[in-house]
Amino acid sequence: MFGSLFNKKPKGWLPPEVLGLTIGRGITFDKIALKLLPADSLIEHPDTTLMITAQGHCDLGEQSHMHRFYPDDDRFLVQFQGGDGHEDERVDEIMLWYFYDVQYPSGDGEWNQMKNALRQTTFNLQTEDGLQRFDRAWFDTSTAPEDPMTYWEEVCDDREGRGRRKIFQTAMLFARTLKDGRDEMLLINMEEPENAERSIAYMIGFPLERHNFSV
């Protein structure tokens, strides 16, 4: 399921609405839901309302699609996973991601070192309070090194598809248990944009329910 996946969308793909959210609209979070984040979480609280300025789409195969909504505050990312957003409006998962850190490797040595780190069962994230251990959430029943997920994301800057760009991504998901028993997710995303600099994003995330926000 998590092998190499390739984006096969037609050239005429345009950003759809998913649960009413798309470019040019705002997503407003329930203040109470944000206040319930545990004190030991690494994620920062977003503003109550974020305006969506760009939108991405990934075909994950097996009739599963991922939609990403990029707000005017570039510290955050809203992600829906489920149906295709056109005929199938199914949404199986909603995540709010916070960009904890973004690094730009100096060369292939650092790049390949990170790829190898993503294959391991644990990852130690450097934080202000020292190293925080995260356990691999994908392939969590395996004790052997596992290849990360790869996929293409296509991103547009408006509803007409302008500013279209494609980004090849290599990713692995890790998790740690917070004091209240909930899991905090760490998504490490190695991004290779077409005609742009490679980067490695460390994103901290937690799930949202539909009643936690409005559009």
Out of everything in region 184-198 that is touching a residue at least 40 places away in the same chain (Cβ under 8 Å) and surrounded by fewer than 18 Cβ atoms within 10 Å (Cβ to Cβ), what residue ends up being farthest from F139 (Cα to Cα)? E197
Tell me which residues, restricted to region 92-124, are under 30 Å from D30 (Cβ atoms) and either hydroxyl-bearing (S, T, Y) or out of contact with any Leu (no Cβ under 6 Å at 6 or more places or on another chain) (or both). D92, E93, M95, Y98, F99, Y100, D101, V102
Contacts under 7 angstrom Cβ, first residue in region 127-144 being without any contact (Cβ under 8 Å) to a residue 60 or more places away in the chain, partner among the basic types (K, R), 6 or more apart: R133/R176; F134/R176; D135/R176
Whether any residue in region 109-131 is in a loop (DSSP other than H, G, I, E, B) and under 16 Å from E191 (Cβ atoms) is what I want to check. no
Would you point out which residue out of F2, F69, F29 is modelled with pLDDT of 85 or more, more than 21 Å from G161 (Cα to Cα) and out of contact with any Cys (no Cβ under 8 Å at 6 or more places or on another chain)? F29
Hey, can you tell me all the residues within region 21-58 that are over 29 Å from T127 (Cα atoms) and either without any contact (Cβ under 8 Å) to a residue 12 or more places away in the chain or in contact with a Lys or Arg (Cβ under 6 Å, 6 or more places away or on another chain) (or both)? I23
Top-ranked residue of region 5-26 - restricted to ones that are of a type in the set (A, V, I, L, M, F, W, C), assigned to a loop (DSSP other than H, G, I, E, B) and surrounded by 13 or more Cβ atoms within 10 Å (Cβ to Cβ), ranked as modelled with the lowest pLDDT: L5
Within region 158-166, identify whether any single residue is closer than 16 Å to P15 by Cα and either at pLDDT 90 or above or in a strand (DSSP E or B) (or both), and answer yes or no. yes
Here are the criteria: (1) loosely packed, with under 13 Cβ neighbours inside 10 Å; (2) over 28 Å from S41 (Cβ atoms). Tell me which single one T141 does not satisfy. (2)
Just one listed residue, out of G61, G109, is small (G, A, S) and either surrounded by fewer than 14 Cβ atoms within 10 Å (Cβ to Cβ) or in contact with a strand residue (DSSP E or B) (Cβ under 7 Å, 6 or more places away or on another chain) (or both), and it is G109
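The values are calculated or read from the model by the stated rules, or taken from the named source; none is laboratory data. Every value quoted in this text rests on a predicted model; they were computed, and no experiment measured them. Glycine gets a Cβ as well: all are built from the backbone with ideal geometry, and neighbour counts include every protein chain shown.
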